[in-house]
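Nothing in this text is a laboratory measurement; each read-out follows from the coordinates by a stated rule. Source: prediction; values computed, not measured. Using ideal geometry, Cβ is built from the backbone for each residue, glycine included, and neighbour counts are taken over all protein chains shown.
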Amino acid sequence: MSKLEDIVSLCKRRGFIFPGSDVYGGMAGTWDFGPLGVMLRRNIMNAWWQFWVDSRDDMYGVDAAIIMNPKTWEASGHVATFADPLVECKECHGRFRADKLVDGATESITDAEFLKVNPKCPTCGKQNWSEIRKFNMMFQTHVGPVTDDSSIAYLRPETAQGIFTNYKNVVDTIYPNIPFGLAQQGKAFRNEISPRDFILRDRECSQMEIEYFVRPDDWEPQFEKMLEEQHYFLEQVIGLPAEMVHDLEVPAEDRAHYSKRTIDMMFDYPNGEEELMGLAYRTDFDLTNIQHASGKSMEYRDKVTGESFVPHVIEPSIGVERLFLAVLTAAYKEEDDRTVLKLPENLAPYKFCVSPLLKNKPELVAKAKEVYQMLKDKYTFVTWDDSGNIGKRYKKQDEIGTPKCVVIDFDSLEDDTVTVRDRDTTEQVRMKVGEL
Ligand code: GAP
């Protein structure tokens, strides 16, 4: 099993991910994506969009504003309930999530349960704790030049609400047949008490969410179908090994306030099994709350039967960073004398690396440039490397997950063949340029 420190180190060394605001000593819970990270991240997000929206007839996209009317978060229940249990060490004043200090505890941990274990403070080792209090995780800001209570707004803690608030607009403009889904990708912000495990728990993350609107009596089959499709996406499209993905039926007391059924899809990350994504049955909770708060009808009128009803919702929700880390965890391998990212070809930042055997031989460089341009025209994601020796170039390309390295040597000038080295097997074959 790969170690998290090794993945973090590779990410920094090869330009995938840097600590946020690194130059100023960082900003806890934030991360910046470098050139390679941006490419991998886009490939993951594009694969999601392609699978869930572009290839289907029942899914549509929206892209809502991050700062929404604060009524949104009152109606959704986030102002009242989007909170984690916070304890403070009375000795060193360190603040922690109470449920993370007690093995097997959940977010609903009580003072009695906490004090029964009475854990040591991770910072100073003392056992002198405050009472648990609920800490709301939404980031507050003020909109406009006046900073009083009337101008309070929030950075969205989930992309979902930007979908629900547009449900009526979409229904009234494109008249989709039920069941249908609205999908969104974008930033979400949570003032996590303890960001941790690299990009697993961040204060600024990106979500990819679908609200799938169904008839109230149809939710169970749609939920099962969505679960199956999620497995297909994670395992066949993204290439995660099926044995590393586990379903966890979330008990009622641990479910979010809006959910009547949730399955968390867990993944074997380097530091243990953690939630990769959630699949929730949100009932008509959000639409009826919006209906009450806005005074506008959220009913859907079935064109065939003429019935009107407020749809129920199945919501698959996944964090881009968690999927990114799952992809890296599955791909990262240490073998004999090399480290390699065995990324699926559809996700690898570069598909080919092209090099001349020697960079000081103009005829080799010219031929290699020709091959490079040909591949670039065809596959776009092609990189050029003439630094160091061939061994070093292979080492670098292995670490960034490039599936094929193409090397142009003196024979290439004679017979138009090149050496193609496979990242996973390290085997090299000779082939004609035209066959690449
Ligand atoms: N709209 C439902 C919702 O937001 P959630 O379980 O709170 O549900 C959904 O979040 C997904 O978003 C999680 O399964 C995870 O992949 C991602 N996520 C949530 N909080 C995160 C954080 N602090 N850092 C990174 N990803 C996070």
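Miscellaneous remarks
- Among the lysines of region 1-130, pairs at least eight places apart or on separate chains and with Cα atoms under 22 Å apart come to 10.
- Taken about its Cα centre, region 83-136 carries a charge dipole of about 180 debye when Lys and Arg each add +1 at the Cβ and Asp and Glu each add -1 at the Cβ.
- Semi-axis lengths, Å, region 350-435, gyration tensor of Cα atoms, sqrt of 5 times eigenvalues: 18, 14, 13
- Radius of gyration, Dmax [region 300-359; alpha carbons; angstrom]: 23.3, 73
- Cα centroids of region 97-156 and region 243-285: 21 Å apart.
- Within region 234-307, the trypsin sites (Lys or Arg not before Pro) that combine a DSSP coil assignment with at most 11 other C-beta atoms in a 10 angstrom radius are 296, 303.
- Global geometry of region 124-243, whether rounded, prolate or oblate, following the gyration tensor of its Cα atoms and the 1.5 cut on a/c: oblate
- Candidate lysines for bridging to residue 260, where Cα separation is under 18 Å - those fewer than 8 sequence places away on the same chain excluded: 225
- Computed helical MRE - 222 nm, the chain, DSSP H runs ≥ 4 contributing -39500 (n - 2.57), nearest 500: -8500 deg cm²/dmol
- Kirkwood Rh, angstrom, the chain [1 / mean 1/r, Cα pairs]: 24.6
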